[in-house]
Every structure is written in structure tokens, then in C-alpha cells.
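The values are calculated or read from the model by the stated rules, or taken from the named source; none is laboratory data. Just so it is clear, the structure is predicted and the values come from calculations on it, not from any experiment. Neighbour counts run over all protein chains shown; Cβ positions are idealised from the backbone, glycine included.
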Amino acid sequence: MPQPLNYLKETASQTAGPYVHIGLIPAMAGFDIFEKNFSNVLVTPNTKGERITLEGKVLDGTGTPLRDVLLEIWQANAAGRYNHPADRSAGALDDEFRGWGRAGSDFDSGLVTFETIKPGAITDRTGRKCAPHVNVWIVARGINIGLNTRLYFSDEEAANAADPVLNLIEQPVRRKTLIATRSERAGKIVYSFTINLQGPEETVFFDV
Amino acid sequence: MNAQAPALRDPRLNRPEPFTPPLGDNGFFQRDRAIHPPAHAPGYKSSVLRSPRQSLLSLENSISEITGPVFGHNDLGPLDNDLIRNYAKDGDPVGERIIVHGRVLDETGRGVPNTLVEFWQANAGGRYRHKKDTYLAPIDPNFGGCGRALTDDTGYYYFRTVKPGPYPWRNYVNSWRPAHIHFSVFGSGFAQRLITQMYFEGDPLIPVCPILTTIPDKDALDRLVAPLDLNASTPFDSLAYRFDIVLRGQRSTYFENRTAGN
């Protein structure tokens, strides 16, 4: 027998269930318990960068919006730097931006929104330029293990065309599933997205 | 091969980089999907329309995946890890008083320090404090059912609560969830993000649960079952259960411990 490697095994995932709000967004479950709460607003008045609203829905295999889904986003700041010690890239940190938020979908419409800033382009550890993007993690009843995807920005055509991750997607038509569409509404910049869990327009999900 | 062709020098050789330790790049071990429930698990009916059908696109860890949100004690309140007191209005909640404790580790066996652990559960009667839960068991006025903790330098966490009850749900007509506590854990990078559920040693509903049995690996299922830990119980007060959580291993021999606070 060779020496044993003795690595531990990752704990198995389980669905977040229909009542995920109790633990992660108790106000949505209908009660107030913590002094401090996490939310879908990533910015303070002093955060640097272009204010944007990310707005979208997650659709099941019949095209019906999930009304009990929870999304988390993780993104770089306006200078393209993640607020984490492993990111040693050149962009300046912004003390007013953690870069993370979570949102539950509306119980009636299924709409999910985040108030954030548009991230800057990222320089990866190998020196590659990556198009600005937001990392998305999705959990809900019926989702056995959290789904990882990304949102890119429709007004970044040149950067998107050169992005190493988008270019990993074999079918150009599937790259479009990751592009949020920019529009202006009442003076606010809104990026709209649809995440399809199944069907001909199924969103690209990653095994990260 | 054409002998006239000029010798091509691999451009990477023009700027040699030092050979670094094999586990030193801060990426994570490949996730072993065989120990996780598949997305499409027909015995758990809700998964059928909510499971992707295309293959996941394999993505080597970039800076977007090895980084993740940093939390500190400033994010928490003093009662956040005490579910017996954090929603008490006119007394303690009804139910078996228990302590749940353990460590958040990664697959290398290292503790994951300063990471956020969140937990939520039904009350002792199996009823959730949630506007969408209509089970006939009563709400407990003194029990919210959620809490959170930050692991210490060794990855250790603990909280106090009452043991949740089992409850019926609409999968098959007579489906019941074993007693369980939901856990959400972050780790140091977004690729380690995990939600799971802890079950209790000896619960006869475990082998017949349509959600638990989505896990194809018997050992992986057993690792979700917390044993009674009499050594950690408080005499004449609370029983204790031990639940260690393992996140994906980090390929790092020198990752700095993150400082608390933000």
C-alpha cells in the first residue's frame, strides 16, 4: 500500500430550501432580528464608480420566474480590484466597497435587483485582461448545489470579445446568455439579465 | 521535419519564472461532484425544472474565484450565536436546549479562520418563522430561528439553540423532513461557497428523506449527521452536537490569515 494522502472530503451540498430568507435575509421572511443585516445594496454614498442597478429574473424549465431564489454577487471595484488579500493587482482598493451582496427575488414577480457600481476590467494573475464582470451564485429550493455564473456588460463589446472566459464558450450564441443589457431609466443606469435554468437559451453555468 | 526551418525558441523561455511550490497558487482543489447531489434528482421533485441540462463549463480558478467577501466582528451583534436569546420576548423558546459546535476546515485539514457561518432552522415543533410556511404547528413567540458566527483562528464556531422538529412537506404526500439545521459557509474564496444541512444522529427519518437521499455517496451523507457530543454538553442545561464542515481544499502553503474587521 502506498502512503495514504489523508485529504478530507468536502461537505456535501444541500438545497437552501424555500425558507432560505430566515437565515440570510430575515426581513424578507417577515421579521426583524439582527442589529446588522446584509442586503442587495453594495454601495455607500462614498463608493467610487458608476452607479448601476442590476435587475433580472431566474426562470425555470417552463419559463416561470423563481419567486424563492436567492442570488449573491461578488465583484471587483471600479478600479478592477477585489477587496481581498489574495488580489495583489495594481488597482486601488476602495474602503467603501466590500464587493459582495445578496438579494432574494420578489415573492410575486420574481424580480431580483442589486444596487452596485460597474466593476473595472480585471487583470488576472497571469497578466491577462478580463472584461468587467460580476460573479453570481444562485441557490433555491430545488437547486441541490449552488450555481455559478457571471454577468458581463453589453456596452463592453470589445472587452467581451477578447475575454478569456467568454471565449471558452464554444458556441457564440451561448456567450450571449451572460451579457446584461444596458439601458437608462429615469436617469438611472440599469443592466437587465435573464438566467434560464433550462431550455434552448439555458444560461452558461460554470464548474469553478 | 524541414531541416531548413529556423529554430523556434519558446517565448516563455525568454522570461523564466521561478518554480514555485506546487500548492502555492491559492486556487482550490477540483470539486468532486460525485459526493454532491446531482442538479437533476427526480426523487426530489422540485429539482426537475430547476436543474441545468447542459454540462457545466469547467473554469480554472481565476482571481474572481479565489477571492471572496471578507467579514468581521463588526458585521455581527452580540447575541447572533444565541438562538435561545436572540429573539426571546417574554421567556426562553420551547424545546430541547442544545449546543452545536465544530470547526470549518478545508480538505487539507486546516481550519478556516474568520469565516462567516450562518444557520437557520424550524422551531421545536417543526414550524419556520417565515411568511410562506403554513404548517399547522405553532410559531414560538420567543424563537426567531436564525443566527450566525465568525470562526476563530482555528476555524472553530459554536452556537446555542433548541433542537428543531421534523415537519411534513409536499414531495410525496407523506414526506417528512428529518430534524435539520441549515448552514451557509463562505470560506476564503467565492468558489468555496457552500450551503448544506446538518442532521441529528439517530433520526429515523434520515434514510427516507427525498432531499438527503439525493446524495449518491453513503459516506458523504453520513458526514452530514452530527453525533451527540456529551463532552461538550453543559450539565443540567444543554446537550451538545458536533458538526465539522469541510470546504474545498486551498492550494496554498503560505496564505496569510485574514484580519478580522472591515
note = Here the residues within the stretch B:195-217 that are within 7 Å of another protein chain (Cβ to nearest Cβ) and either in a loop (DSSP other than H, G, I, E, B) or β-branched (Val, Ile, Thr) (or both) are B:ILE195, B:THR196, B:ILE211, B:THR214, B:ILE215
ask   = Going through the stretch B:153-194 one residue at a time, which ones are of a type in the set (S, T, N, Q) and in a loop (DSSP other than H, G, I, E, B)?
value = B:THR154, B:ASN171, B:ASN174, B:SER188
request  = Please tell me if A:ALA180 is over 15 Å from B:LEU57 (Cα atoms) and out of contact with any strand residue (DSSP E or B) (no Cβ under 7 Å at 6 or more places or on another chain).
outcome  = no
request  = Find the residue count for the stretch B:189-227, including only residues that are crowded, with 22+ Cβ neighbours inside 10 Å, out of contact with any strand residue (DSSP E or B) (no Cβ under 7 Å at 6 or more places or on another chain) and of a type in the set (Ser, Thr, Tyr).
outcome  = 1
ask   = Of all residues in the stretch A:134-162, which are within 20 Å of A:GLU115 (Cα to Cα) and within 7 Å of another protein chain (Cβ to nearest Cβ)?
value = A:ASN135, A:TRP137, A:VAL139
task = Report, by residue number, each residue of the stretch A:89-104 that is assigned to a loop (DSSP other than H, G, I, E, B) and within 9 Å of chain B (Cβ to nearest Cβ).
result = A:SER89, A:ASP95, A:ARG98, A:GLY99
query = Which one of these does B:ASP140 not meet: (1) buried (at least 20 other Cβ atoms within 10 Å of the Cβ); (2) within 11 Å of chain A (Cβ to nearest Cβ); (3) assigned to a loop (DSSP other than H, G, I, E, B); (4) of a type outside the set (Gly, Ala, Ser)?
reply = (2)
request  = Collect the residues in the stretch A:75-97 that are among the hydroxyl-bearing types (Ser, Thr, Tyr) and at pLDDT 95 or above, keeping them in residue-number order.
outcome  = A:TYR82
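Considering each of B:PRO21, B:PRO42 in turn, give the residue that is in a loop (DSSP other than H, G, I, E, B), surrounded by 10 or more Cβ atoms within 10 Å (Cβ to Cβ) and at pLDDT 95 or above.
Working: B:PRO21 fails: at pLDDT 95 or above.
Residue meeting the stated conditions: B:PRO42.
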note = Only unsatisfied item for B:SER238, checking (1) within 14 Å of chain A (Cβ to nearest Cβ); (2) closer than 28 Å to B:ASN86 by Cα; (3) buried (at least 16 other Cβ atoms within 10 Å of the Cβ), is (1)
ask   = Tell me, which residue of the stretch B:120-137 that is more than 16 Å from B:PRO178 (Cβ to Cβ) and surrounded by fewer than 20 Cβ atoms within 10 Å (Cβ to Cβ) is farthest from the chain's Cα centre (by Cα)?
value = B:LEU136
